[in-house]
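Novice: Sharing a structure with you now.
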Amino acid sequence: MEKADITIIGAGVIGLAVAAQLARSDRSVFILEKNQAFGGGISSRNSEVIHAGIYYPEGSLKAGLCVTANPMLYEIAVRNGIPHQKIGKLIVATNSGEIDEIEKLHENGRNNGVESLSLITKRQIAQLEPYVQAEAALYSPDTGIISAHDLMTYFLRQAQNNKAHLVCRTEVLRVEMETDGWRIFAANDKGESFDFFSALVINAAGLSSDIIANQACGRYHLHYCKGDYCGISGVKPGLVKRLIYPAPVKNHAGLGVHLTLDLNGRLKLGPDATYIDRIHDYNVAQEKAALFYEQARKYLPFLEPGNVHPDMAGIRPKLQGPNDAFADFVIRQDAPGFINLVGIESPGLTASPAIARLVKKML
């Protein structure tokens with residue numbers, strides 16, 4: 001690999017979606033991934049939710065790309081047999097004080113172009129979800145779940161069908177600008193180093209995207225925000241059929257401890273949001289089970305303390321710190337032929353096909 005037309009750093013869902021858009025049989029495209037397989041980072045440690053675009057400020061990339069990509073993702077899933085379910089979501093107000101918050105969300109979502117939203121009453125909630133307790137709710141029928149692994153496999157297959165190459169166990173050490181392109185210095189997991197020239201570079205390195213960007217042309221600093229999950233066991237299968245989210249809390253880093261389902265119907269609580277200094281482990285502390293139970297029982301009265309147990313964790317690459325205002329996705333050509341994708345957290349999975357299309361348009 002002495003010369004490439006396009007090099008994509010990172011083989012998560014964003015890097016693979018971009019590769020699927022850019023790969024052509026007459027173009028050499030390489031996807032470099034430091035882990036032993038694709039999707040080993042953020043893309044494999046999330047709720048696998050297809051978001052509708054409710055929460056993000058009007059006019060933001062997060063809002064626009066999410067709303068655009070939502071129907072695209074369902075179409076891709078249906079056309080290619082990717083496991084998914086359009087199960088819908090309720091954002092619940094458990095007291096009168098929270099009703100104002102879900103009304104604001106309703107207005108925000110409508111301003112973003114999410115036309116399917118509706119505010120529903122306590123009686124309507126009981127008809128949809130008899131085991132959920134709430135005074136009112138915002139109902140989003142276009143929210144769903146998808147197999148992130150199968151989606152990534154689809155994007156990779158599309159890219160490889162057009163002669164793209166995935167190179168795993170290969171870490172980018174630094175990048176340097178040259179005439180008409182970039183020199184990429186990398187090493188494999190055997191400690192063997194090499195370098196090559198690439199006319200174009202797409203930085204989709206997830207949790208390391210700020211480091212890569214700053215070597216080339218950026219001034220970014222990511223904040224690591226850990227999200228723990230707890231599993232639910234010992235409850236009747238099918239008790240809850242939709243995603244259940246609490247009303248949002250002002251200036252909170254996440255969306256509150258919410259109930260998600262996987263494609264097998266397994267119930268999970270989380271993620272929460274805790275800023276950490278470094279990426280050191282994905283363990284979930286035992287005491288999280290009691291904390292999650294206390295938060296979730298407000299809208300899931302059937303839960304018992306023994307039903308909740310520590311499960312998995314993920315880490316978000318946030319551009320905003322603990323007390324900062326909203327920070328949008330960065331999708332920017334910061335230097336000729338070098339596009340940075342920095343701070344691609346939620347709704348990155350949902351937005352992936354629209355992000356890939358935007359990168360193609362930029363080139």
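Novice: So which residues in region 252-274 are within 17 Å of the chain's Cα centre (by Cα) and either of a type in the set (Phe, Trp, Tyr) or at positive phi (or both)?
Specialist: Listed by number, the residues that qualify are 256, 270.
Novice: Additional query: Within the bounds of region 100-117, is there any residue that is of a type in the set (D, E, K, R), closer than 30 Å to residue 37 by Cα and either free of Cβ contacts under 8 Å to residues at least 40 places away in the same chain or in a helix (DSSP H, G or I) (or both)?
Specialist: We begin by selecting, within region 100-117, every residue of a type in the set (D, E, K, R); these are 100-101, 103-104, 107, 110, 115.
Still in the running and closer than 30 Å to residue 37 by Cα: none.
Scanning region 100-117 turns up no residue that is of a type in the set (D, E, K, R), closer than 30 Å to residue 37 by Cα and either free of Cβ contacts under 8 Å to residues at least 40 places away in the same chain or in a helix (DSSP H, G or I) (or both).
Novice: Restricting attention to region 294-308, and to residues there that are part of a helix (DSSP H, G or I) and free of Cβ contacts under 8 Å to residues at least 24 places away in the same chain, which single residue is surrounded by the most Cβ atoms within 10 Å (Cβ to Cβ)? Step through it out loud before you land on a result.
Specialist: So in region 294-308, the residues part of a helix (DSSP H, G or I) come out as 294-296, 305-307.
With free of Cβ contacts under 8 Å to residues at least 24 places away in the same chain added as a condition, the list becomes 294, 305.
Working: 294: 13, 305: 10.
Going through the qualifying residues, I end up with 294.
Novice: With respect to residue 91, is the statement that it is modelled with pLDDT of 95 or more, touching a helix residue (DSSP H, G or I) at 6+ places or on another chain (Cβ under 9 Å) and assigned to a strand (DSSP E or B) true?
Specialist: Values: modelled with pLDDT of 95 or more: yes; touching a helix residue (DSSP H, G or I) at 6+ places or on another chain (Cβ under 9 Å): yes; assigned to a strand (DSSP E or B): yes.
So residue 91 passes the test.
Novice: Being among the aliphatic types (A, V, I, L, M), in contact with a strand residue (DSSP E or B) (Cβ under 9 Å, 6 or more places away or on another chain) and over 22 Å from residue 27 (Cα atoms), is that true of even one residue in region 184-201?
Specialist: Residues of region 184-201 among the aliphatic types (A, V, I, L, M): 184, 186-187, 199-201.
With in contact with a strand residue (DSSP E or B) (Cβ under 9 Å, 6 or more places away or on another chain) added as a condition, the list becomes 184, 186-187, 199-201.
Next, only the ones that are over 22 Å from residue 27 (Cα atoms) stay: 187.
Within region 184-201, one or more residues are among the aliphatic types (A, V, I, L, M), in contact with a strand residue (DSSP E or B) (Cβ under 9 Å, 6 or more places away or on another chain) and over 22 Å from residue 27 (Cα atoms).
Novice: Shifting gears a bit: Would you confirm whether or not region 53-69 contains a residue that is part of a loop (DSSP other than H, G, I, E, B), of a type in the set (Val, Ile, Thr) and under 29 Å from residue 91 (Cα atoms)? Before the answer, list the steps.
Specialist: As a first pass, look at region 53-69 and keep what is part of a loop (DSSP other than H, G, I, E, B): 53-60.
Now drop any that are not of a type in the set (Val, Ile, Thr), which leaves 54.
The next check asks that each one be under 29 Å from residue 91 (Cα atoms); those that pass are 54.
Yes, some residue in region 53-69 is part of a loop (DSSP other than H, G, I, E, B), of a type in the set (Val, Ile, Thr) and under 29 Å from residue 91 (Cα atoms).
Novice: For residue 38, work out the one condition from (1) within 29 Å of residue 222 (Cα to Cα); (2) assigned to a helix (DSSP H, G or I); (3) aromatic (Phe, Trp, Tyr) it doesn't fulfil.
Specialist: If we test residue 38 against (1) within 29 Å of residue 222 (Cα to Cα); (2) assigned to a helix (DSSP H, G or I); (3) aromatic (Phe, Trp, Tyr), just (2) comes out false.
Novice: Moving on. Can you list the strands (runs of 3 or more DSSP E) found entirely within region 124-234 that contain at least 3 residues being closer than 22 Å to residue 5 by Cβ? Working first, answer last.
Specialist: Working: elements: 136-140, 144-146, 165-167, 170-178, 181-188, 193-203, 223-232.
The qualifying strands (runs of 3 or more DSSP E) are 165-167, 170-178, 181-188, 193-203.
Novice: Looking at region 64-82, can you tell me whether even one residue there is of a type in the set (S, T, N, Q), at pLDDT 95 or above and either on the phi > 0 side of the Ramachandran plot or surrounded by fewer than 18 Cβ atoms within 10 Å (Cβ to Cβ) (or both)? Even if it seems obvious, please write down each step before you answer.
Specialist: Going through region 64-82, the residues of a type in the set (S, T, N, Q) turn out to be 68, 70, 80.
Subsequent filtering for residues that are at pLDDT 95 or above retains 68, 70, 80.
Subset that is either on the phi > 0 side of the Ramachandran plot or surrounded by fewer than 18 Cβ atoms within 10 Å (Cβ to Cβ) (or both): 80.
The answer is yes, given that some residue of region 64-82 is of a type in the set (S, T, N, Q), at pLDDT 95 or above and either on the phi > 0 side of the Ramachandran plot or surrounded by fewer than 18 Cβ atoms within 10 Å (Cβ to Cβ) (or both).
The values are calculated or read from the model by the stated rules, or taken from the named source; none is laboratory data. Note that the structure is a prediction, hence the values are computed from the model and not measured. When we count neighbours, we look across all protein chains shown, and the Cβ atoms used for this are built from the backbone with ideal geometry, even at glycine.
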